[in-house]
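The values are calculated or read from the model by the stated rules, or taken from the named source; none is laboratory data. From a predicted model like this one, the values you see are computed outputs, not experimental measurements. Glycine gets a Cβ as well: all are built from the backbone with ideal geometry, and neighbour counts include every protein chain shown.
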Amino acid sequence: MPDPKRFHALEQRTEKMEKILEQILMATKVDEEKGFQSGEEDGDPLDDFGEYGGEAASPTHSEQSWLAPSLLRCGPDASNTGWGARVNDISLSALWTADQLQWHINRKELYAVHQAIETNADLLAGSCVLVQSDNRTVVAYLQKQGGTRSQMMLRDVERLFKVTQGYDIVVKAHFIPSVCNSVVDNLSRQKALPDWHVLPKITQMIFQCWGVPEIDLFATSNSAVVPSYVSHDSTDRSAVFINAFSRVWKYNLAWIFPPPALIPQVLQHLNLAEGTFIVIAPRWEKVFWRPDIKSRAVSPPITLPDLAHNLVDLSTGNPPEKAQMLHLEAWKVRGGRGRLPLGIQKTNSCF
């Protein structure tokens with residue numbers, strides 16, 4: 001029989017996270033009403049910034065969204081070959097059994113979530129886990145803790161939540177487009193991890209606007225946009241250090257272009273940072289963290305043009321799959337939890 005005190009503590013933590021995420025989603029809804037739609041042809045990112053630039057942003061956006069040190073991240077994915085997931089810095093993948101190959105893709109995706117959480121249950125115990133999935137059905141089943149269309153999916157969700165309740169884990173799910181979920185997508189397909197690189201034509205234009213960064217915090221020896229860089233590869237002896245999240249960031253100007261699924265962790269890490277940062281982030285409909293990054297901005301965002309010709313995945317030598325569907329923005333933001341200052345004026349786009 002479950003411990004009533006333990007259950008009450010879990011219930012309180014769940015209610016707290018629901019209030020936080022409700023505020024995030026309300027802010028996102030305001031953004032949508034002001035024209036924040038993915039890939040709008042008639043919307044100017046400078047215009048939406050200008051609407052907010054003349055008044056202070058909510059002082060609680062960044063603090064409430066990413067304040068919990070126990071907020072961990074799980075990115076699952078499934079393909080016809082197998083499943084893959086990334087839990088913080090831990091990568092998981094496996095091939096399907098003969099029976100599992102017959103499953104519907106929705107069940108495969110949910111299984112990837114279950115395996116990622118159950119395998120790392122000791123690590124995730126007592127925390128809130130942010131699940132980012134490119135499967136809207138799985139996101140809906142996790143958000144509602146069940147559904148009515150598939151009894152099999154319902155039973156699978158019930159089994160998952162038995163695990164999370166046993167370890168005091170709170171699960172929150174959000175959608176991420178598949179084009180932005182390439183790391184775990186490649187894991188599920190047993191492929192090399194992607195290494196996205198913005199070509200010099202674009203970086204030089206950004207540098208002319210905002211200055212040349214002193215360091216690239218998410219790079220490889222091939223993809224770094226400046227000589228000094230931080231790598232995730234422990235064997236890279238040319239890197240300044242390994243794992244950008246292993247140190248507090250203190251830079252006059254640094255370049256941040258992480259895998260899109262890491263943007264929430266980047267925003268959390270920026271709370272402790274000092275200095276100014278150029279963050280390359282994707283834009284799509286209902287991006288739940290957009291109000292947070294917007295509240296930190298010191299300049300209007302710059303939209304990166306023609307990604308099919310200006311963005312390359314160095315693991316393949318080609319543009320990322322579905323690059324034509326990808327929308328990236330460069331944001332100049334400050335470190336710390338500060339509010340958006342009064343009186344910021346619109347400036348001309350560099351493009």
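Restricting attention to the range 315-327, the residues being modelled with pLDDT of 85 or more, part of a loop (DSSP other than H, G, I, E, B) and exposed (fewer than 15 other Cβ atoms within 10 Å of the Cβ) number 1.
Go through the range 290-319 residue by residue and tally those that are under 23 Å from VAL131 (Cα atoms) and touching a Phe, Trp or Tyr at 6+ places or on another chain (Cβ under 8 Å). Even if it seems obvious, please write down each step before you answer.
Step one: of the range 290-319, the residues under 23 Å from VAL131 (Cα atoms) are 290-294.
Remaining after also requiring touching a Phe, Trp or Tyr at 6+ places or on another chain (Cβ under 8 Å): 290, 292-294.
Qualifying residue count for the region: 4.
Pairs linking a residue in the range 266-286 that is without any contact (Cβ under 8 Å) to a residue 40 or more places away in the chain to a residue that is surrounded by 17 or more Cβ atoms within 10 Å (Cβ to Cβ) and assigned to a loop (DSSP other than H, G, I, E, B), with Cβ atoms under 8 Å and 6 or more positions apart or on different chains, are VAL266/PRO258; HIS269/TRP249. Residue count for the range 250-260 satisfying the condition of being touching a Gly at 6+ places or on another chain (Cβ under 8 Å) and surrounded by fewer than 23 Cβ atoms within 10 Å (Cβ to Cβ): 4.
Taking the criterion of being assigned to a helix (DSSP H, G or I), modelled with pLDDT under 90 and touching a helix residue (DSSP H, G or I) at 6+ places or on another chain (Cβ under 9 Å), the only residue of the range 122-143 that qualifies is LEU124.
Note on the range 144-163: residues that are in a helix (DSSP H, G or I) and either without any contact (Cβ under 8 Å) to a residue 40 or more places away in the chain or within 24 Å of the chain's Cα centre (by Cα) (or both) total 9.
Contact annotation: no residue pair with Cβ atoms under 8 Å, 6 or more positions apart or on different chains, pairs a residue in the range 107-125 that is at positive phi with a partner that is surrounded by 24 or more Cβ atoms within 10 Å (Cβ to Cβ). Considering the conditions (1) surrounded by 17 or more Cβ atoms within 10 Å (Cβ to Cβ); (2) in a loop (DSSP other than H, G, I, E, B), ASN80 is excluded by exactly one of them, (1).
In the set (1) exposed (fewer than 14 other Cβ atoms within 10 Å of the Cβ); (2) in a loop (DSSP other than H, G, I, E, B); (3) modelled with pLDDT of 95 or more, the condition left unmet by PRO213 is number (1). Residue pairs whose Cβ atoms lie under 9 Å apart, separated by 6 or more positions or on different chains, with the first residue in the range 292-307 and not assigned by TED's automatic domain parsing to the domain that holds PRO320 and part of a helix (DSSP H, G or I) and the second surrounded by 21 or more Cβ atoms within 10 Å (Cβ to Cβ) and acidic (Asp, Glu), do not occur. Of the residues ARG290, ARG247, the single one that is of a type in the set (Lys, Arg) and either at pLDDT below 90 or touching a helix residue (DSSP H, G or I) at 6+ places or on another chain (Cβ under 7 Å) (or both) is ARG290.
Have a look at LYS172, LYS201 and point out the one that is modelled with pLDDT of 90 or more, not in a loop (DSSP other than H, G, I, E, B) and not aromatic (Phe, Trp, Tyr). I'd like the intermediate steps shown before the answer.
Numbers: LYS172 fails: modelled with pLDDT of 90 or more.
Criteria check complete, one pass: LYS201.
Within the range 210-232, residues that are assigned by TED's automatic domain parsing to the domain that holds LEU314 and over 17 Å from VAL266 (Cβ atoms) have Cβ atoms under 7 Å from residues that are among the small types (Gly, Ala, Ser) and not in a loop (DSSP other than H, G, I, E, B) in these pairs: GLU214/ALA254; THR220/SER231, counting only partners at least 6 apart in sequence or on another chain.
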